[in-house]
1. Could you list all residues from region 421-445 that are without any contact (Cβ under 8 Å) to a residue 60 or more places away in the chain and crowded, with 21+ Cβ neighbours inside 10 Å?
2. Given the structure, is His508 over 21 Å from Leu648 (Cα atoms), touching a residue at least 24 places away in the same chain (Cβ under 8 Å) and of a type outside the set (A, V, I, L, M, F, W, C)?
3. Could we say that Gly45 is of a type outside the set (D, E, K, R), part of a loop (DSSP other than H, G, I, E, B) and either modelled with pLDDT of 95 or more or surrounded by 14 or more Cβ atoms within 10 Å (Cβ to Cβ) (or both) here?
4. Just the residues that are open to solvent by less than 10 Å² (accessible area, probe 1.4 Å) and among the basic types (Lys, Arg), please, taken from region 72-127.
5. Which one of Arg540, Arg498, Arg519 is touching a residue at least 40 places away in the same chain (Cβ under 8 Å), assigned to a loop (DSSP other than H, G, I, E, B), of a type outside the set (Phe, Trp, Tyr) and open to solvent by 30 Å² or more (accessible area, probe 1.4 Å)?
6. Counting just the residues of region 21-36 that are surrounded by 12 or more Cβ atoms within 10 Å (Cβ to Cβ) and more than 22 Å from Arg53 (Cβ to Cβ), which one comes out modelled with the highest pLDDT?
7. Quick check on my filter: what residues within region 320-333 are of a type outside the set (A, V, I, L, M, F, W, C), open to solvent by less than 40 Å² (accessible area, probe 1.4 Å) and in a loop (DSSP other than H, G, I, E, B)?
8. Quick one: in region 171-180, of everything that is in contact with a Gly (Cβ under 7 Å, 6 or more places away or on another chain) and crowded, with 20+ Cβ neighbours inside 10 Å, which residue is farthest from Tyr124 (Cα to Cα)?
Amino acid sequence: MLLALIWLGGAAAGPQPARVVADSPAAAPQRVRAVRAAHPVSLDGTLSDSLWRNAERVTGFLQRDPNEGTVPSESTVVYVAYDDGALYIAARLYDVHPDSIVGRLGRRDAVTNSDQFTVFIDPYHDHRSGYYFGVDAAGTLSDGTLYNDDWNDNTWDGVWQGKASRDALGWIAEFRIPYSQLRFMQRREYVWGINFRRDIARKNEKDYLVYTPKNASGFVSRFVDLVGIERVTPPRRIEILPYTTGKAEFAPRTPGNPFADGSRLAPGIGGDARIGLGPNLTLNATVNPDFGQVEVDPAVVNLSDVETFFQERRPFFVEGSSIFDFGHGGATNYWGFNWGEPKFFYSRRLGRAPQGTVPEGANGDSSFADVPPGAHILGALKLTGKVGSSWNVGALSAVTARETGRIDTSGVLFRKEVEPLAYYGVFRAQKEFPEGRRGLGFMSTVAARGFRDPSLKDDVNGSALAFGTDGWAFLDREKDWVVTGWAGVTRVTGDPARITAVQEDPRHYFQQPDAERVRVDSAATSLDGWAARVYVNKQRGDWYSNSAIGVISPGFDVHDLGFLSRTGIVNMHVGAGHQWTRTSKTFRYAELGGALFRSYDWDGNVNWTGVYHFGDFRLLNYQVFNWDIAYNPWTVNNRRTRGGPLTLNPPGYQLDLGWQSDARRPVTMNVSWGTYQARSDRNWYFMPSVDLRPKSNVLVNIGPMVSHELTPVQYVGTFTDPSATATFGNRYVFGTLRQTEVSAGIRLNWTYSPTLSLQLYAQPLISAGRYTDFKEVARPRTFDFTVYGRDGGTITRGSDGTYVVHPITGNTTDSLTFSDPNFNFVSLRGNAVLRWEYLPGSTIFLVWTQSRSDNATLGDFQFGPSVSRMFGARADNIFLVKLSYWWNP
């Protein structure tokens, strides 16, 4: 994400000279000098410490928004000091209307749209990376890391202090940033990079000491030098975070199930540690981690053949995750059209649900199973930092436990291994050359498993390896043009039955009968593949361009430790756009752009192609309008039949519209609407959302979504029939699907103080789909279908909901049966999290999580009855208490 668009601001402090309305138009200083504190510094947000009277004044701020390059509307004065243990920063933020200062209290890192002040520091002085620390006028803290010159990552939470206060001259803030929270090389005299930003919320104004023009790139590389710090030794960095948990689970009892008595108690202990290995490397460790305080995943109804991607929310894996970002550097924007970028490392694979199958009762026998919801993480280590002056490195190792399931089949109890003991490893390194003009890196991942039950080898890969290299190079002195690219290879090993299953899964579909260049090898014990992508971007100036070409071979597979949606693809696009960054008589910012795109499969068939256009306007009243539109002509579809023959995609078009209200208001709204229209396809969605702030410390977000889909060819199943010679001995059955879905994300954030907050989250979901006009593919490479009961045969629905097609050939004894695919799914998920940071870095969590769901083969969307079923469904409840203590010996 671009710093210029989403920085979380903070507050600053300074002495109290006479009121000044605006900074002088003098240019920003080339350097900022810190003064040494002669006595312990009092941090109270009032600038009462005598230190600030002797500190050097830093002024010369300029606007980036709304009027780029102009003098700020209010004056800002900053002061910097240090001692042997920490860096101190104070700012006096003058305001001629102090009663109009906006201070909204939120949880740490919350976007509050408040008056804010942020400090950016580049302690390595590599002009590419660093940290930021912010506080708003209500005392809300924000922090994170900087990387790739333009990007930031707010997942890092340091242990530091920030205070803010208001007075008749405006507002004040002070920062104390311990050296233990920074990484830097030991020197007698230090030169770091530094920058400051002030946000004035009511004016949508953003003032920087040094800003990045809206039509340019590069942020950290523009920082001024911070000098004056000397005779400071990087401290020993050791942080220990032991914790204890108590968890109680309550679920409805299932008649006859011996494993579910309705309740389960699970006390636990564990710990995290953060240890500095010299001044440049940090080792993070976790033992027996518990992530019960993490927000629940939303419920989804996924009828496609592509796995749903869920965001990582577990703190150990979220914090510092940007070090494992692969394939992105140099360039600041990466477009993609029908391109599923492979993720070499997807941390949700660690602790995933067991992959082994559980036997079901035979001949109608009842069967119950007690299977762990995820593989238990025994421990994990993460090493991040720098080696030398220019190598960024990251390494992660984790071990997950061998998991067994308990099964009861008609009273016969036994255990079965459902997940093997596993080791996962990730290593990442990247070298940045002087001035960030070039970069070169590599990444490797490994998954290795040990089996006790040989039958589990049919369900889980034995091992998986991946290796990739990436880099970038700017093509000119001004850094207008940049080339970014990556290439990687993979190998998966396992028993022949397992590797056959991998070849036939939705990522590969080697069994496609009319494919020319891939075939299933049922004797193979390994699968190899490669992939690559290259981007060429012009990213400075009013005109910009964005082009790319990427290839994923059929055998490429990073699924064991990464995320991958499809293989066997050659994808490309050519795009360009123009932006107007100066305020005009009608808008403050405008952007128009477009692209041509195309994708081929491994046989050279065009799977997707078209033309795309988008626009974005920010009006003078700060309302935002945006749109995009695309047209797709006839193409070949190699996925609709789920490994069957090719079909065609009819022409269609896409249209999306969006509007956003002025974000300064206590009530803000966003509205999105979109549609896709093709032959018989009539799909649309509507997504309004509203943010309400009834008080400065309360935020209510309500984001409903309504969608409707009319799809004439929704996949139902594949049925073997040797007489179906036109479709290679299988019948590929589809139906016309009418699906309506209503859902909402509802959040309440109530922040009592910067260290005490309550979060409530709820997600109701109703999704109903009715199938009609069942049909089968008539012939490959067409959009022709044989509708049962109209074009051939008869179709009947039995009392048990089973459909029978008879006859489907000239043989009157032949028939085809399938279950009723209609659905009416209701779900309600939510949690409540009370968080109290009773000491810096030490927290207590009180958590309640509830989920309930029900499914029926009703098909029709009925809002009232569905809501009744939702609240009438039996609920699963989890109550958790987690206590952690931060110890810095």
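1. Correct list: Ala422 only.
2. On the way: over 21 Å from Leu648 (Cα atoms): no; touching a residue at least 24 places away in the same chain (Cβ under 8 Å): yes; of a type outside the set (A, V, I, L, M, F, W, C): yes.
In short, no.
3. Numbers: of a type outside the set (D, E, K, R): yes; part of a loop (DSSP other than H, G, I, E, B): yes; either modelled with pLDDT of 95 or more or surrounded by 14 or more Cβ atoms within 10 Å (Cβ to Cβ) (or both): yes.
In short, yes.
4. Arg92
5. Values: Arg498 fails: assigned to a loop (DSSP other than H, G, I, E, B); Arg519 fails: touching a residue at least 40 places away in the same chain (Cβ under 8 Å).
Among Arg540, Arg498, Arg519, only Arg540 is touching a residue at least 40 places away in the same chain (Cβ under 8 Å), assigned to a loop (DSSP other than H, G, I, E, B), of a type outside the set (Phe, Trp, Tyr) and open to solvent by 30 Å² or more (accessible area, probe 1.4 Å).
6. Ala28
7. Narrowing region 320-333 to residues of a type outside the set (A, V, I, L, M, F, W, C): 320-322, 325, 327-330, 332-333.
Among the residues that remain, those that are also open to solvent by less than 40 Å² (accessible area, probe 1.4 Å) are: 320, 322, 327, 329-330, 332.
Scanning region 320-333 gives Gly320, Gly327, Gly329, Gly330, Thr332.
8. Initially, region 171-180 is screened for residues in contact with a Gly (Cβ under 7 Å, 6 or more places away or on another chain), giving 172-175, 178-179.
Cutting the leftovers down to crowded, with 20+ Cβ neighbours inside 10 Å gives us 172-175, 179.
Numbers: Ile172: 28, Ala173: 25, Glu174: 23, Phe175: 20, Tyr179: 13 Å.
Step by step, filter region 171-180, then rank; the result is Ile172.
The values are calculated or read from the model by the stated rules, or taken from the named source; none is laboratory data. A quick note: this is a predicted structure, and the numbers were derived from the prediction, not measured. As a convention, Cβ positions derive from the backbone with ideal geometry for all residues, glycine included, and neighbour counts pool all protein chains shown. For the accessible areas, the whole protein counts, side chains as well, though only heavy atoms, and no ligand, DNA or RNA atoms are used. Shrake-Rupley method; radii C 1.70, N 1.55, O 1.52, S 1.80 Å.
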